[in-house]
Amino acid sequence: AVVSTQSGHYGRDIERLIVSDKATALKLLEGDGDSIANLFMECKSNYETLYHTYCVIHKLVKGIPGNSLVSKPLELFSLFLRGETSSVPEIRTALKCFGMLSCDEFWSRLQDAYYVLEPVESKSPKLQLLAKVIKMQIDKLISEEVTETTKDVLKNAQSTFVSRIDNFLSTLSCPGAWPLNELLWFTDHTAFQTLLVGKVRAAIHRGLSKPHVYLQYPAEDDSLIPNVCHLYRLYHEHGKLISLHDWIKSYVTSLGKKKVTQLDHARFFQAASELHFLGYIKPTRRKTDHFAKMSLLGY
(Lines give C-alpha, C1' and ligand atoms only; values in the text may rest on other atoms or scores of the structure.)
Protein backbone atom coordinates (compact mmCIF):
# COMPACT_ATOMS: atom_id res chain seq x y z
CA ALA A 1 0.00 0.00 0.00
CA VAL A 2 1.32 3.42 -0.95
CA VAL A 3 0.14 6.28 1.23
CA SER A 4 0.87 9.95 0.54
CA THR A 5 2.32 11.77 3.54
CA GLN A 6 0.67 14.94 2.23
CA SER A 7 -2.79 13.58 3.00
CA GLY A 8 -4.57 15.38 5.84
CA HIS A 9 -5.88 12.08 7.24
CA TYR A 10 -2.42 10.52 7.07
CA GLY A 11 -1.02 13.51 8.96
CA ARG A 12 -3.52 12.94 11.75
CA ASP A 13 -2.53 9.26 11.84
CA ILE A 14 1.10 10.29 12.35
CA GLU A 15 0.13 12.70 15.14
CA ARG A 16 -1.79 9.95 16.96
CA LEU A 17 1.11 7.52 16.57
CA ILE A 18 3.63 10.05 17.89
CA VAL A 19 1.70 10.02 21.16
CA SER A 20 1.33 6.22 21.36
CA ASP A 21 4.24 4.79 19.34
CA LYS A 22 7.00 7.22 18.34
CA ALA A 23 9.18 4.54 16.73
CA THR A 24 6.42 3.47 14.32
CA ALA A 25 5.54 7.09 13.57
CA LEU A 26 9.17 7.79 12.63
CA LYS A 27 9.26 4.76 10.32
CA LEU A 28 6.07 5.91 8.61
CA LEU A 29 7.53 9.36 8.04
CA GLU A 30 10.55 7.68 6.47
CA GLY A 31 8.24 5.71 4.17
CA ASP A 32 8.98 2.30 5.67
CA GLY A 33 6.90 -0.21 3.71
CA ASP A 34 6.87 -2.89 6.42
CA SER A 35 5.47 -0.47 9.01
CA ILE A 36 2.72 0.61 6.65
CA ALA A 37 1.89 -3.03 5.86
CA ASN A 38 1.79 -3.91 9.57
CA LEU A 39 -0.55 -1.01 10.34
CA PHE A 40 -2.78 -2.02 7.47
CA MET A 41 -2.97 -5.61 8.71
CA GLU A 42 -3.74 -4.30 12.21
CA CYS A 43 -6.52 -2.17 10.74
CA LYS A 44 -7.92 -5.22 8.94
CA SER A 45 -7.78 -7.23 12.16
CA ASN A 46 -9.63 -4.49 14.05
CA TYR A 47 -12.27 -4.40 11.35
CA GLU A 48 -12.66 -8.18 11.50
CA THR A 49 -13.22 -7.93 15.25
CA LEU A 50 -15.73 -5.14 14.80
CA TYR A 51 -17.65 -6.96 12.07
CA HIS A 52 -17.94 -10.28 13.88
CA THR A 53 -18.94 -8.49 17.08
CA TYR A 54 -21.70 -6.80 15.10
CA CYS A 55 -22.82 -10.21 13.79
CA VAL A 56 -22.94 -11.57 17.34
CA ILE A 57 -24.94 -8.61 18.68
CA HIS A 58 -27.31 -8.84 15.73
CA LYS A 59 -27.92 -12.53 16.44
CA LEU A 60 -28.58 -11.76 20.10
CA VAL A 61 -31.00 -8.86 19.69
CA LYS A 62 -32.67 -9.33 16.29
CA GLY A 63 -36.43 -9.50 16.48
CA ILE A 64 -36.58 -7.86 19.90
CA PRO A 65 -40.04 -6.25 19.92
CA GLY A 66 -40.41 -2.49 20.27
CA ASN A 67 -36.93 -1.65 19.00
CA SER A 68 -36.80 -0.46 15.39
CA LEU A 69 -33.03 0.06 15.26
CA VAL A 70 -31.97 -3.52 15.85
CA SER A 71 -34.32 -4.73 13.12
CA LYS A 72 -32.32 -2.73 10.55
CA PRO A 73 -28.91 -4.42 10.12
CA LEU A 74 -27.34 -1.58 8.09
CA GLU A 75 -28.23 1.05 10.67
CA LEU A 76 -26.90 -1.16 13.44
CA PHE A 77 -23.66 -1.73 11.53
CA SER A 78 -23.25 2.01 10.90
CA LEU A 79 -23.29 2.52 14.68
CA PHE A 80 -20.44 0.04 15.01
CA LEU A 81 -18.47 1.87 12.33
CA ARG A 82 -18.96 5.16 14.16
CA GLY A 83 -17.77 3.55 17.41
CA GLU A 84 -20.99 4.36 19.24
CA THR A 85 -22.07 0.88 20.31
CA SER A 86 -21.73 1.33 24.08
CA SER A 87 -23.49 4.70 24.20
CA VAL A 88 -26.55 4.11 22.02
CA PRO A 89 -29.74 3.78 24.11
CA GLU A 90 -31.36 1.47 21.54
CA ILE A 91 -28.57 -1.09 21.84
CA ARG A 92 -28.60 -0.89 25.62
CA THR A 93 -32.38 -1.34 25.63
CA ALA A 94 -32.15 -4.28 23.23
CA LEU A 95 -29.52 -5.99 25.39
CA LYS A 96 -31.64 -5.36 28.46
CA CYS A 97 -34.63 -6.99 26.73
CA PHE A 98 -32.39 -9.86 25.67
CA GLY A 99 -31.63 -10.39 29.35
CA MET A 100 -35.32 -10.92 30.05
CA LEU A 101 -36.04 -13.58 27.43
CA SER A 102 -37.34 -17.02 28.25
CA CYS A 103 -34.83 -19.74 28.94
CA ASP A 104 -35.34 -21.47 25.58
CA GLU A 105 -35.08 -18.22 23.61
CA PHE A 106 -32.02 -17.14 25.60
CA TRP A 107 -30.37 -20.49 24.99
CA SER A 108 -31.20 -20.46 21.27
CA ARG A 109 -29.78 -16.99 20.70
CA LEU A 110 -26.60 -17.81 22.59
CA GLN A 111 -26.04 -20.82 20.35
CA ASP A 112 -26.68 -18.76 17.20
CA ALA A 113 -24.17 -16.16 18.38
CA TYR A 114 -21.57 -18.81 19.15
CA TYR A 115 -22.03 -20.43 15.74
CA VAL A 116 -21.10 -17.07 14.18
CA LEU A 117 -17.69 -17.12 15.91
CA GLU A 118 -16.97 -20.85 15.90
CA PRO A 119 -15.80 -21.12 12.25
CA VAL A 120 -13.84 -17.84 12.38
CA GLU A 121 -10.10 -18.45 12.27
CA SER A 122 -8.83 -15.28 13.87
CA LYS A 123 -5.91 -14.45 16.11
CA SER A 124 -7.72 -11.40 17.44
CA PRO A 125 -7.61 -11.55 21.27
CA LYS A 126 -10.90 -9.68 21.51
CA LEU A 127 -12.74 -12.15 19.26
CA GLN A 128 -11.29 -15.03 21.25
CA LEU A 129 -12.46 -13.34 24.44
CA LEU A 130 -15.96 -12.83 23.04
CA ALA A 131 -16.19 -16.47 21.96
CA LYS A 132 -14.96 -17.54 25.41
CA VAL A 133 -17.61 -15.40 27.17
CA ILE A 134 -20.41 -16.93 25.10
CA LYS A 135 -19.07 -20.50 25.45
CA MET A 136 -18.74 -20.11 29.22
CA GLN A 137 -22.34 -18.95 29.44
CA ILE A 138 -23.57 -21.91 27.38
CA ASP A 139 -21.56 -24.35 29.51
CA LYS A 140 -22.91 -22.75 32.66
CA LEU A 141 -26.50 -23.17 31.50
CA ILE A 142 -25.79 -26.83 30.78
CA SER A 143 -23.89 -27.59 34.00
CA GLU A 144 -26.40 -25.87 36.27
CA GLU A 145 -29.36 -27.29 34.31
CA VAL A 146 -30.99 -23.90 34.16
CA THR A 147 -34.68 -24.02 33.18
CA GLU A 148 -37.76 -21.86 33.46
CA THR A 149 -38.37 -23.33 36.89
CA THR A 150 -35.05 -22.00 38.24
CA LYS A 151 -35.95 -18.37 37.64
CA ASP A 152 -33.46 -16.87 40.07
CA VAL A 153 -30.54 -18.77 38.55
CA LEU A 154 -31.70 -17.87 35.02
CA LYS A 155 -32.10 -14.20 35.91
CA ASN A 156 -28.64 -14.10 37.47
CA ALA A 157 -27.08 -15.81 34.44
CA GLN A 158 -28.76 -13.41 32.02
CA SER A 159 -27.77 -10.34 34.05
CA THR A 160 -24.14 -11.48 34.28
CA PHE A 161 -23.91 -12.22 30.56
CA VAL A 162 -25.48 -8.90 29.51
CA SER A 163 -23.08 -7.06 31.82
CA ARG A 164 -20.10 -8.83 30.25
CA ILE A 165 -21.27 -8.05 26.72
CA ASP A 166 -21.85 -4.42 27.66
CA ASN A 167 -18.33 -4.21 29.10
CA PHE A 168 -16.92 -5.85 25.98
CA LEU A 169 -18.63 -3.32 23.70
CA SER A 170 -17.11 -0.47 25.68
CA THR A 171 -13.62 -1.79 24.84
CA LEU A 172 -14.15 -1.51 21.08
CA SER A 173 -12.28 1.45 19.63
CA CYS A 174 -13.75 3.83 17.09
CA PRO A 175 -12.63 2.90 13.54
CA GLY A 176 -11.89 6.55 12.86
CA ALA A 177 -9.04 6.34 15.38
CA TRP A 178 -7.29 3.43 13.64
CA PRO A 179 -4.20 4.39 11.63
CA LEU A 180 -4.75 4.02 7.87
CA ASN A 181 -8.48 3.40 8.34
CA GLU A 182 -9.08 5.52 5.21
CA LEU A 183 -7.81 2.57 3.15
CA LEU A 184 -10.94 0.63 4.12
CA TRP A 185 -13.66 3.29 4.24
CA PHE A 186 -14.31 7.01 4.36
CA THR A 187 -16.89 9.35 5.85
CA ASP A 188 -17.55 11.75 2.98
CA HIS A 189 -21.11 10.55 2.37
CA THR A 190 -21.91 13.48 0.06
CA ALA A 191 -19.12 12.64 -2.38
CA PHE A 192 -20.09 8.97 -2.35
CA GLN A 193 -23.75 9.78 -2.97
CA THR A 194 -22.80 12.07 -5.86
CA LEU A 195 -20.73 9.32 -7.49
CA LEU A 196 -23.33 6.64 -6.86
CA VAL A 197 -26.48 8.55 -7.80
CA GLY A 198 -25.03 11.06 -10.23
CA LYS A 199 -26.65 14.04 -11.90
CA VAL A 200 -29.13 12.47 -14.29
CA ARG A 201 -29.95 15.57 -16.32
CA ALA A 202 -26.30 16.50 -16.74
CA ALA A 203 -25.41 12.93 -17.75
CA ILE A 204 -28.19 12.83 -20.39
CA HIS A 205 -27.12 16.22 -21.74
CA ARG A 206 -23.50 15.07 -21.99
CA GLY A 207 -24.50 11.81 -23.66
CA LEU A 208 -26.59 13.60 -26.28
CA SER A 209 -24.02 16.35 -26.84
CA LYS A 210 -20.92 14.14 -26.90
CA PRO A 211 -22.02 10.63 -27.88
CA HIS A 212 -18.47 9.68 -28.94
CA VAL A 213 -17.45 9.71 -25.24
CA TYR A 214 -19.89 6.88 -24.47
CA LEU A 215 -20.00 5.04 -27.81
CA GLN A 216 -16.22 5.28 -28.32
CA TYR A 217 -15.95 6.33 -31.94
CA PRO A 218 -13.84 9.13 -33.52
CA ALA A 219 -15.34 12.50 -32.57
CA GLU A 220 -14.74 13.91 -36.07
CA ASP A 221 -16.76 11.16 -37.80
CA ASP A 222 -20.26 12.69 -38.08
CA SER A 223 -21.60 9.67 -39.96
CA LEU A 224 -21.62 7.65 -36.72
CA ILE A 225 -23.64 10.16 -34.69
CA PRO A 226 -26.95 8.59 -33.52
CA ASN A 227 -30.09 10.23 -34.91
CA VAL A 228 -31.29 11.40 -31.50
CA CYS A 229 -27.97 13.17 -30.87
CA HIS A 230 -28.09 14.75 -34.33
CA LEU A 231 -31.60 16.00 -33.68
CA TYR A 232 -30.58 17.23 -30.22
CA ARG A 233 -28.00 19.55 -31.81
CA LEU A 234 -30.69 21.07 -34.01
CA TYR A 235 -32.99 21.28 -30.99
CA HIS A 236 -30.88 24.12 -29.56
CA GLU A 237 -31.21 26.17 -32.75
CA HIS A 238 -34.97 26.62 -32.32
CA GLY A 239 -37.03 28.79 -29.98
CA LYS A 240 -39.59 27.75 -27.38
CA LEU A 241 -41.87 26.35 -30.11
CA ILE A 242 -40.35 24.07 -32.73
CA SER A 243 -42.04 23.80 -36.12
CA LEU A 244 -42.20 20.16 -37.16
CA HIS A 245 -41.81 21.09 -40.85
CA ASP A 246 -38.80 23.32 -40.22
CA TRP A 247 -37.22 20.76 -37.92
CA ILE A 248 -37.47 17.95 -40.50
CA LYS A 249 -36.15 20.28 -43.19
CA SER A 250 -33.13 21.34 -41.13
CA TYR A 251 -32.55 17.71 -40.15
CA VAL A 252 -32.41 16.51 -43.76
CA THR A 253 -30.29 19.51 -44.83
CA SER A 254 -27.78 18.79 -42.08
CA LEU A 255 -27.46 15.27 -43.47
CA GLY A 256 -26.47 16.74 -46.85
CA LYS A 257 -29.64 15.66 -48.65
CA LYS A 258 -32.06 17.65 -50.82
CA LYS A 259 -35.12 15.41 -50.65
CA VAL A 260 -36.81 13.79 -47.69
CA THR A 261 -37.17 10.00 -47.99
CA GLN A 262 -39.42 7.69 -46.02
CA LEU A 263 -36.35 6.41 -44.17
CA ASP A 264 -35.44 9.98 -43.18
CA HIS A 265 -39.00 10.50 -41.92
CA ALA A 266 -38.83 7.29 -39.86
CA ARG A 267 -35.44 8.18 -38.34
CA PHE A 268 -36.56 11.71 -37.55
CA PHE A 269 -39.74 10.68 -35.77
CA GLN A 270 -37.95 7.94 -33.87
CA ALA A 271 -35.38 10.48 -32.63
CA ALA A 272 -38.14 13.00 -31.81
CA SER A 273 -39.99 10.31 -29.84
CA GLU A 274 -36.82 9.61 -27.84
CA LEU A 275 -36.42 13.32 -27.02
CA HIS A 276 -40.08 13.35 -25.97
CA PHE A 277 -39.48 10.33 -23.76
CA LEU A 278 -36.48 12.07 -22.18
CA GLY A 279 -38.61 15.11 -21.41
CA TYR A 280 -37.09 17.64 -23.82
CA ILE A 281 -40.18 18.26 -25.92
CA LYS A 282 -43.92 17.83 -25.67
CA PRO A 283 -46.89 18.31 -28.03
CA THR A 284 -48.69 21.63 -27.73
CA ARG A 285 -52.34 22.55 -28.34
CA ARG A 286 -51.43 26.02 -29.51
CA LYS A 287 -50.19 24.67 -32.84
CA THR A 288 -50.74 21.06 -33.84
CA ASP A 289 -47.66 20.95 -36.08
CA HIS A 290 -45.34 22.25 -33.36
CA PHE A 291 -43.48 20.88 -30.36
CA ALA A 292 -42.93 22.87 -27.19
CA LYS A 293 -39.54 22.85 -25.52
CA MET A 294 -39.41 21.70 -21.90
CA SER A 295 -37.45 23.81 -19.42
CA LEU A 296 -34.53 21.41 -18.91
CA LEU A 297 -31.74 23.77 -19.93
CA GLY A 298 -29.21 25.36 -17.60
CA TYR A 299 -27.23 22.33 -16.44
Within region 34-64, residues assigned to a helix (DSSP H, G or I), open to solvent by less than 30 Å² (accessible area, probe 1.4 Å) and of a type in the set (A, V, I, L, M) come out as 36, 39, 50, 56, 57, 60, 61
Of the conditions (1) open to solvent by less than 30 Å² (accessible area, probe 1.4 Å); (2) at pLDDT 75 or above, the single one that residue 136 does not satisfy is (1)
Set 131, 113: member being surrounded by 15 or more Cβ atoms within 10 Å (Cβ to Cβ), free of Cβ contacts under 8 Å to residues at least 40 places away in the same chain and within 25 Å of residue 47 (Cβ to Cβ):
131
So which helices (runs of 4 or more DSSP H) stay within region 195-292 end to end and still have 2 or more residues that are polar (S, T, N, Q) and over 35 Å from the mean Cα position of the chain (by Cα)?
244-254, 262-278
Tally up the residues in region 225-254 that are among the β-branched types (Val, Ile, Thr) and open to solvent by 70 Å² or more (accessible area, probe 1.4 Å), please.
1
Among (1) at pLDDT below 80; (2) farther than 25 Å from residue 173 by Cα; (3) among the charged types (D, E, K, R); (4) in a helix (DSSP H, G or I), the one test that residue 145 misses:
(4)
Pair list, Cβ < 8 Å and 6+ apart or interchain, from region 213-240 residues that are closer than 13 Å to residue 251 by Cα and touching a residue at least 40 places away in the same chain (Cβ under 8 Å) to residues that are open to solvent by 50 Å² or more (accessible area, probe 1.4 Å) and part of a loop (DSSP other than H, G, I, E, B)
230/255
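Restricting region 275-286 to residues that are of a type outside the set (A, V, I, L, M, F, W, C) and open to solvent by less than 70 Å² (accessible area, probe 1.4 Å), which is nearest to residue 228 (Cα to Cα)?
Restricting attention to region 275-286, the residues satisfying the condition of being of a type outside the set (A, V, I, L, M, F, W, C) are 276, 279-280, 282-286.
Among the residues that remain, those that are also open to solvent by less than 70 Å² (accessible area, probe 1.4 Å) are: 279-280, 284.
Working: 279: 13, 280: 11, 284: 21 Å.
Once the filter is applied, the top-ranked residue is 280.
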When you scan region 184-192, do you find a residue that is over 30 Å from residue 37 (Cα atoms) and open to solvent by less than 80 Å² (accessible area, probe 1.4 Å), even just one?
no
Lone unmet requirement of (1) surrounded by fewer than 18 Cβ atoms within 10 Å (Cβ to Cβ); (2) modelled with pLDDT under 80 for residue 154
(1)
Evaluate region 255-274: report whether one residue or more is touching a Leu at 6+ places or on another chain (Cβ under 8 Å) and open to solvent by 90 Å² or more (accessible area, probe 1.4 Å).
no
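The values are calculated or read from the model by the stated rules, or taken from the named source; none is laboratory data. Remember, predicted model here, so these are calculated numbers, not experimental data. Counting neighbours? That spans all protein chains shown, and the Cβs are built from the backbone with ideal geometry, glycine included. Surface areas here come from the heavy atoms of the whole protein model, side chains and all, with no ligands, DNA or RNA. Shrake-Rupley method; radii C 1.70, N 1.55, O 1.52, S 1.80 Å.
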